[in-house]
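Asks: Pasting in a structure now, in structure tokens, and then I'll have a few things to ask.
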Amino acid sequence: MVSNLFHGLTVLLSGGPILFLMLGMIIGMFVGMLPGLGTAVALSILLSFVYHMSVVNMISLMLGAQAGGYYTASITAITLNTPGAPESYPTTLDGFPMTQRGEGGQALAISAASTWLGGWIACVIFIGLIQLANPLITTFKAPDYVGVIALAIVLVGLVGDTPMNKIIVSAAFGLMLSFVGSDPVTAVYRFTFGLPQLADGIAVVPFALGVFAITQMVVMYGTGRGATDAPSVVGLRNLSQHAWEGIHYTLRHPGSVVRSAVIASVLGLLPGIGGFAGNYVSYTVGKRISRKGKEFGTGVPEGVMSAEGSSLSKEVASLLPAVALGIPSGIGMVLFIAAMSIEGLQPGQALLRAHPSLPYTMMWVMAIAGLFSCTIGLVLSPWLSKVSRIRGPVLFPFIIGLAIIGSYAAVITSIGFAEIAVFGLVGLAARKANYSLAAMIIGLVLGGLFNDQVHVTAETYGWSFLWRNPIADLTLLAALVLLLVKAAPSLKIVLSRWRSNRDRQSAEYSEGSIDLSNIDLEVLIDWVMLIGSALYLRSALGYPQGAGHTPAAISAVVVVIAVFRAAVDTRRLVVARRSRRLAAPIDRDLDEVADFETRMPSGVSVGTAYEEVQAAGNPRPAQVAQSEGASVITASRGLPQESPDGSGAIRHLTGWRELMALVWFGAFILSTVLFGFKVGIPLAGGIYGVLGIKWDNIWKKALFAVAAMAILEVLISIFVGTLHYTFAGIL
């Protein structure tokens, strides 16, 4: 153990790996402080650059980026009350109140020290737990892997407010994509449509870039703003005065950090959810146990320590299930496992035996990147907090350009452009309709392992695994129980409606129904999903038994859910459109009353005006009530109403901007296909700088266009120099 521990450090410090670590850390720090962008976008872009890298360089780049973003995510949480990542939300509860009291420098220092100390405590725990990896692996059989993968998919999908049926569909969609290509068990080509480019299956890189990077940039372009417009209230003087106080306080009172690190290390071992829940659970436990628990949320240092002590530690712990079993605890580890597969590393006993020092190298990357990112991030925090004010349209050409390059690098053919375009649209539609992107990608990444283990289970155990494998029984039962718990509120609503025989129209718009602003999109997705899954099922049934059973079973589940959703949502669409038609004459009469009021002579009441409108032969199904001298017009219950705050107009404008973002995305792809990387992407970036973004004057527009072309040219040169191939374009 000791020799492997120090060998892992020696390998890391040998020139190249440490440089990749620093590069990944800097990228992670930059992206981590941008609320909404997230490390998933950074890792999905970096994933396309790991081809032709050595294993250690890949580990340094990917894990360095992942570790680098956790402290910087807390910078905006503390200084701007805007968490850089969802996990950093608990930090805002005490960090921002400290900033408001003039203690922002101390809060930033406490966060940095807690993140670093918690991560290093988790490294010590990791050293002990990695010794149990081999015995753990030997106890896992094929049915156990099936159960753990099913549980991981369910747990990842349960994060957030996604309905249960959409979680299942999302995970099934990812699994169905993973079955495309040659079946490793039977060597049968499945769902390739005769295209040799699909023989190797759907690459993870274009999928991840499409559903994360492209989707996020379209949304950010739609808002047209930065993550926040609020100015930072923590300056260099405040930081220099209070930084040492925060570090000293953390080291003198390490109890909260130690507790959070231990809790997060345990949660990090849980497949699917540990990476997300660590900060929330640690903060909640700290609030219950700490002597100052009642003061949590008012700006106490212990609150920041409880939240941030788990930030890095949960990621260190999540390395163990990723390396030993190939089971991720979150999206970051999903992409890291994908990077390992690109390098030919198969998690499990073979990896631990062939590369015994590799897990320790991973641990050292997290430890060193955590230390340096906290130190550098703390020193630069007054300036880094301003990065969150960068507008989405400014970032758009650079992220889009890198994503297009990365999609090509994954498959070395132009089909990568088609894949990223398709998955970008899929990701945007899924996000708008509240499907789980996390469940999709974990289904795609783990689908191959799931298919193999299902085949082994069927051939070796049959149904006898139900009484021969308790681990499989427990994990499958846990997954089923979690799905039922998630579905319970919806089932309760359905049963109560069925029993009470309440008005159908009001039931359609009661709490728990879908957002009617997306009803057209929901119905479109339902019917596309129904037709697509039915065709997929038909194809699966035509394959030999070993190659077709698992895809057929998964697609059959989607068909059943799609039939139900198509029926329900189509009915909702009909009701919604009928309601809109009923509301149309009401809106016209409201306009008449408003116009009549503007032309009324002084002294004439609104009630009189309404009577005159009725006398003119324009009755309308609305109620007019006098309330404090004003006319209150109430439409029939259940009719869709425009929100008084103008959010409907904002949503409409955002939708048009997102459509323009998709047009620009298509323009970047078209320019790349026609003129290649070196000309097409910078050319599209320059045109975008002139036409795609608004500036105060023409000089800023011209400067941005030139800068975009130059930066994209540099990025492409780095890409070509690193991977030693390029795309010249059809012209």
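The values are calculated or read from the model by the stated rules, or taken from the named source; none is laboratory data. Because the structure is a prediction, the values reported are computed rather than measured. In this analysis, Cβ positions are derived from the backbone assuming ideal geometry, glycine residues included, and neighbour counts consider all displayed protein chains.
Asks: Within the set of pairs 6+ apart or on separate chains, which have a first residue in the stretch 565-579 that is farther than 15 Å from Leu524 by Cβ, a second that is not hydroxyl-bearing (Ser, Thr, Tyr), and C-beta atoms under 8 Å apart?
Replies: Val575/Arg504; Val575/Gln505; Val575/Glu508; Ser579/Gln505; Ser579/Gly638; Ser579/Leu639; Ser579/Pro640
Asks: May I ask you to list the residues in the stretch 411-427 that are assigned to a helix (DSSP H, G or I) and surrounded by fewer than 23 Cβ atoms within 10 Å (Cβ to Cβ)? Write out each step before concluding.
Replies: Keep residues of the stretch 411-427 that are assigned to a helix (DSSP H, G or I), which gives 411, 415-427.
Selection gives Val411, Ile415, Phe417, Ala418, Ala421, Val422, Leu425, Val426.
Asks: Sticking with this structure for a sec: Taking the stretch 48-85 on its own, how many of its residues are within 21 Å of Tyr221 (Cβ to Cβ) and either modelled with pLDDT of 85 or more or of a type in the set (S, T, N, Q) (or both)? It would help to see each step written out before you state the result.
Replies: Our first condition is that a residue be within 21 Å of Tyr221 (Cβ to Cβ); within the stretch 48-85, this holds for 76, 82, 84-85.
In the following step, the residues that additionally are either modelled with pLDDT of 85 or more or of a type in the set (S, T, N, Q) (or both) were identified as 76, 82.
The number of residues fulfilling the criteria is 2.
Asks: Could you please find all residues in the stretch 110-145 being in contact with a Ser or Thr (Cβ under 6 Å, 6 or more places away or on another chain) and within 23 Å of Leu477 (Cβ to Cβ)?
Replies: Ala142, Pro143
Asks: Starting from the stretch 1-30, keep only residues that are in contact (Cβ under 8 Å) with a residue 24 or more places away in the chain and farther than 25 Å from Ser311 by Cβ, then list their pairs with residues that are part of a loop (DSSP other than H, G, I, E, B) and not aromatic (Phe, Trp, Tyr) whose Cβ atoms are within a distance under 6 Å, requiring at least 6 positions of separation or different chains.
Replies: Asn4/Pro356; Asn4/Ser357; His7/Ser357
Asks: Looking only at the stretch 119-129, decide whether some residue is assigned to a helix (DSSP H, G or I), of a type in the set (A, V, I, L, M), over 15 Å from Ser260 (Cβ atoms) and assigned by TED's automatic domain parsing to the domain that holds Val285. Explain how you work it out, then say what you get.
Replies: Our first condition is that a residue be assigned to a helix (DSSP H, G or I); within the stretch 119-129, this holds for 119-129.
Filter once more, so that each one left must be of a type in the set (A, V, I, L, M): 121-122, 124-125, 127, 129.
Subsequent filtering for residues that are over 15 Å from Ser260 (Cβ atoms) retains 127, 129.
Adding the requirement that they be assigned by TED's automatic domain parsing to the domain that holds Val285 leaves 127, 129.
Yes, that holds for at least one residue.
Asks: Please tell me if Gly348 is surrounded by fewer than 24 Cβ atoms within 10 Å (Cβ to Cβ), in contact (Cβ under 8 Å) with a residue 60 or more places away in the chain, of a type in the set (Gly, Ala, Ser) and more than 19 Å from Ile45 (Cα to Cα).
Replies: Working: surrounded by fewer than 24 Cβ atoms within 10 Å (Cβ to Cβ): yes; in contact (Cβ under 8 Å) with a residue 60 or more places away in the chain: yes; of a type in the set (Gly, Ala, Ser): yes; more than 19 Å from Ile45 (Cα to Cα): yes.
Taking the combined requirement at face value, the residue satisfies it.
Asks: Regarding Val613, is this residue of a type outside the set (Lys, Arg), at pLDDT 90 or above and in a helix (DSSP H, G or I)? Please lay out each step first, then the result.
Replies: Details: of a type outside the set (Lys, Arg): yes; at pLDDT 90 or above: no; in a helix (DSSP H, G or I): yes.
When the stated conditions are applied, Val613 does not pass them.
Asks: Just checking, how many residues over the stretch 650-709 are surrounded by 13 or more Cβ atoms within 10 Å (Cβ to Cβ) and not in a helix (DSSP H, G or I)?
Replies: 3
Asks: While we're here: Test Gly174 against the stated conditions and say whether it is closer than 20 Å to Leu537 by Cβ, small (Gly, Ala, Ser) and without any contact (Cβ under 8 Å) to a residue 60 or more places away in the chain. Working first, answer last.
Replies: Numbers: closer than 20 Å to Leu537 by Cβ: yes; small (Gly, Ala, Ser): yes; without any contact (Cβ under 8 Å) to a residue 60 or more places away in the chain: no.
Judged against the criteria, Gly174 is not a match.
Asks: A follow-up question, please. For the condition crowded, with 19+ Cβ neighbours inside 10 Å, assigned to a loop (DSSP other than H, G, I, E, B) and at pLDDT 85 or above, what is the one hit in Ser260, Ser311?
Replies: Ser311
Asks: Would you confirm whether any residue within the stretch 369-391 is among the charged types (D, E, K, R) and more than 30 Å from Val706 (Cβ to Cβ)? Break it down stepwise before answering.
Replies: So in the stretch 369-391, the residues among the charged types (D, E, K, R) come out as 386, 389, 391.
So of that shortlist, the ones also more than 30 Å from Val706 (Cβ to Cβ) come out as none.
No, the stretch 369-391 contains no residue that is among the charged types (D, E, K, R) and more than 30 Å from Val706 (Cβ to Cβ).
Asks: Here's something else I'd like to know. Among the residues of the stretch 366-376, is any at pLDDT below 85 and farther than 27 Å from Val219 by Cβ?
Replies: Taking the stretch 366-376 first, the residues at pLDDT below 85 are none.
No, the stretch 366-376 has no match at all.
Asks: Identify all residues within the stretch 313-329 that are under 20 Å from the mean Cα position of the chain (by Cα) and among the hydroxyl-bearing types (Ser, Thr, Tyr); write none if there are none.
Replies: Ser318, Ser329
Asks: If I ask for residues that are more than 28 Å from the chain's Cα centre (by Cα) and either modelled with pLDDT under 75 or not small (Gly, Ala, Ser) (or both), which ones from the stretch 706-721 would you list?
Replies: Filtering the stretch 706-721 down to residues more than 28 Å from the chain's Cα centre (by Cα) leaves 706-707, 709-710, 713-714, 717, 720-721.
Passing the criteria: Val706, Met709, Glu713, Val714, Val720, Gly721.
Asks: In the stretch 552-564, how many residues are touching a residue at least 60 places away in the same chain (Cβ under 8 Å) and more than 26 Å from the chain's Cα centre (by Cα)?
Replies: Number of matching residues: 1.
Asks: Moving to a separate point now. Kindly indicate whether Val55 is hydrophobic (A, V, I, L, M, F, W, C) and in contact with an Asp or Glu (Cβ under 6 Å, 6 or more places away or on another chain).
Replies: Values: hydrophobic (A, V, I, L, M, F, W, C): yes; in contact with an Asp or Glu (Cβ under 6 Å, 6 or more places away or on another chain): yes.
Against the criterion (hydrophobic (A, V, I, L, M, F, W, C) and in contact with an Asp or Glu (Cβ under 6 Å, 6 or more places away or on another chain)), Val55 qualifies.
Asks: Kindly indicate which of Gly181, Gly194, Gly174 is within 23 Å of Gly546 (Cβ to Cβ) and within 18 Å of the chain's Cα centre (by Cα).
Replies: Working: Gly181 fails: within 18 Å of the chain's Cα centre (by Cα); Gly194 fails: within 18 Å of the chain's Cα centre (by Cα).
Every option except Gly174 fails the conditions.
Asks: Now for a separate question. May I ask you to list the residues in the stretch 173-218 that are of a type in the set (S, T, N, Q), modelled with pLDDT of 85 or more and crowded, with 18+ Cβ neighbours inside 10 Å?
Replies: Of everything in the stretch 173-218, those that are of a type in the set (S, T, N, Q), modelled with pLDDT of 85 or more and crowded, with 18+ Cβ neighbours inside 10 Å turn out to be Ser178, Thr215.
Asks: Just for the stretch 264-282: of the residues that are out of contact with any Gly (no Cβ under 7 Å at 6 or more places or on another chain) and assigned to a helix (DSSP H, G or I), which one is modelled with the highest pLDDT? Talk me through it step by step, then tell me what you get.
Replies: Pass one, the stretch 264-282, residues out of contact with any Gly (no Cβ under 7 Å at 6 or more places or on another chain): 265-266, 269-273, 277, 279-281.
Remaining after also requiring assigned to a helix (DSSP H, G or I): 265-266, 277, 279-281.
On the way: Ser265: 87, Val266: 84, Ala277: 67, Asn279: 76, Tyr280: 75, Val281: 78.
Ranking the qualifying residues of the stretch 264-282, first place goes to Ser265.
Asks: Report, by residue number, each residue of the stretch 35-47 that is in contact with a Leu (Cβ under 8 Å, 6 or more places away or on another chain) and modelled with pLDDT of 80 or more.
Replies: Leu43, Ser44, Ile45, Leu46, Leu47
Asks: Another one. Could you grab the pairs with beta carbons closer than 9 Å, sequence gap of 6+ or different chains, first residue in the stretch 353-378 and closer than 10 Å to Gly68 by Cα and in the same structural domain as Ala324 (by TED's automatic domain parsing), second one of a type in the set (Asp, Glu) and part of a helix (DSSP H, G or I)?
Replies: As it stands, the answer is Met366/Glu315; Gly370/Glu315, since those pairs meet every condition given.
Asks: Which of the following residues is in a helix (DSSP H, G or I), among the β-branched types (Val, Ile, Thr) and closer than 30 Å to Ser14 by Cα: Thr72, Thr92? Give the derivation first.
Replies: Values: Thr92 fails: closer than 30 Å to Ser14 by Cα.
Thr72 is the lone residue from the list that is in a helix (DSSP H, G or I), among the β-branched types (Val, Ile, Thr) and closer than 30 Å to Ser14 by Cα.
Asks: Could you check, for the stretch 401-420, whether at least one of its residues is free of Cβ contacts under 8 Å to residues at least 60 places away in the same chain and under 21 Å from Tyr51 (Cα atoms)?
Replies: Taking the stretch 401-420 and keeping what is free of Cβ contacts under 8 Å to residues at least 60 places away in the same chain, we get 418.
Checking which are under 21 Å from Tyr51 (Cα atoms) leaves us with 418.
Yes.
Asks: Which condition from (1) at pLDDT 90 or above; (2) closer than 30 Å to Gly424 by Cβ; (3) surrounded by fewer than 23 Cβ atoms within 10 Å (Cβ to Cβ) is the one that Pro397 breaks?
Replies: That leaves (3) as the condition not met.
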